[in-house]
Amino acid sequence: MLQISQLYIYPIKSLGGIPLTSAEVTSRGFKYDRRWMLVDEQNHFLTQREHSQMALIKVAVETDGLLVSHHSYGSIKVPFEFDAATLHEVAIWDDITAGVYVSHSIDDWFSNVLGTRCRLIFMPDDTERKVDQRYAQPGMITSFADAYPFLLIGQASLDDLNSRLGDALPMNRFRPNIVFTGGEAFEEDLMNHITIAGISFYGAKLCARCVMTTIDQQTGAKAKEPLKTLARYRSKDKKILFGQNLVHQGEGFLTVGDTLDVLSTHNEDRFIVEKRINNETNRYY
């Protein structure tokens, strides 16, 4: 049986994640997930890839806003309600979307923490950023996430990776939204149509991993792993793959313990699937 074991949201893109026991599924992903984002003076998004110290900024959801904190700089409240009428274009990879600035004082706090001038921007409800139509149906949208509303990872996949590493890594290195137990390592690779709590999810594209996975989310320190090890057995077309990006249809709530029902799978030749037979490894590309 495949069951949800962990749920996460990341309200401000590339800052600390929040574990949940239940999460609301909205049209663009989990409620609050990556609805805020830090941008530079050219309105280009900031991430841990260039600013690893972003890992040290923690976020909590409170009744009236987000409480954002740093061990050396104290905390600041990001309100849910604020006056902002002007939309500004912002860049995420090749996408141009729109959002509103939150507050100059909040901008100053983040700029001080990160040592670079930046602004906090929010995606209002009337901004709709479409998912790449090559991997989704018309009308599917997402937030300030890299490209898709959800990232799914099986605990067995992390266990397999950790069996190859000298020091085991926690799941937070990979920033998933949904983690499940049961099944085989990398079983998520082949999931095409699954349902959870009556909501349909579709495997869109395996997740290409970057240097963010090498950043310790507690210290901000960088290392070579896990990319060095993953490159040996999880590479395709010069990309290192770990986890499956999902799009979805429907709204509701997911809860830890919910069952994943796999209704259809992709053909194996579309993805990497490692299988061990009599201690021999076969790879399918």
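Could you list, in sequence order, the residues of region 164-179 that are assigned to a helix (DSSP H, G or I) and open to solvent by 30 Å² or more (accessible area, probe 1.4 Å)?
N172
Where residues in region 228-240 are without any contact (Cβ under 8 Å) to a residue 60 or more places away in the chain and crowded, with 17+ Cβ neighbours inside 10 Å, which of them is nearest to Q53 (Cα to Cα)?
Only one residue fits best here, namely I240.
Within region 64-129, considering only strands (runs of 3 or more DSSP E) that don't extend past its boundaries, which have at least 3 residues that are without any contact (Cβ under 8 Å) to a residue 40 or more places away in the chain and surrounded by 12 or more Cβ atoms within 10 Å (Cβ to Cβ)? It would help to see each step written out before you state the result.
Details: elements: 65-70, 74-79, 88-92, 95-101, 119-122.
Where strands (runs of 3 or more DSSP E) fall fully within region 64-129 and carry at least 3 residues being without any contact (Cβ under 8 Å) to a residue 40 or more places away in the chain and surrounded by 12 or more Cβ atoms within 10 Å (Cβ to Cβ), they are 65-70, 74-79, 95-101.
Can you tell me which residue among T219, T213 is outside any strand (DSSP E or B), closer than 30 Å to S72 by Cβ and in contact with a strand residue (DSSP E or B) (Cβ under 9 Å, 6 or more places away or on another chain)?
Numbers: T219 fails: in contact with a strand residue (DSSP E or B) (Cβ under 9 Å, 6 or more places away or on another chain).
So the residue among T219, T213 that is outside any strand (DSSP E or B), closer than 30 Å to S72 by Cβ and in contact with a strand residue (DSSP E or B) (Cβ under 9 Å, 6 or more places away or on another chain) is T213.
If you go through region 61-68 one residue at a time, do you hit one that is charged (D, E, K, R), more than 25 Å from I141 (Cβ to Cβ) and touching a Cys at 6+ places or on another chain (Cβ under 9 Å)?
No: zero hits.
For region 60-78, which residues satisfy the criterion of being under 18 Å from K13 (Cβ atoms) and of a type outside the set (V, I, T)?
A60, G65, L66, L67, S69, H70
Filter region 132-163 for residues that are at pLDDT 95 or above, within 28 Å of H51 (Cα to Cα), in a loop (DSSP other than H, G, I, E, B) and out of contact with any Cys (no Cβ under 9 Å at 6 or more places or on another chain) and give the result.
Listed by number, the residues that qualify are S143, F144, A145, P149.
The values are calculated or read from the model by the stated rules, or taken from the named source; none is laboratory data. For clarity, every value in this text was computed on a predicted model and none was experimentally measured. Positions of Cβ are backbone-derived with ideal geometry, glycine not excepted, and every protein chain shown enters the neighbour counts. In case anyone asks, the SASA skips ligands and DNA or RNA and just uses the protein heavy atoms, side chains included. Shrake-Rupley method; radii C 1.70, N 1.55, O 1.52, S 1.80 Å.
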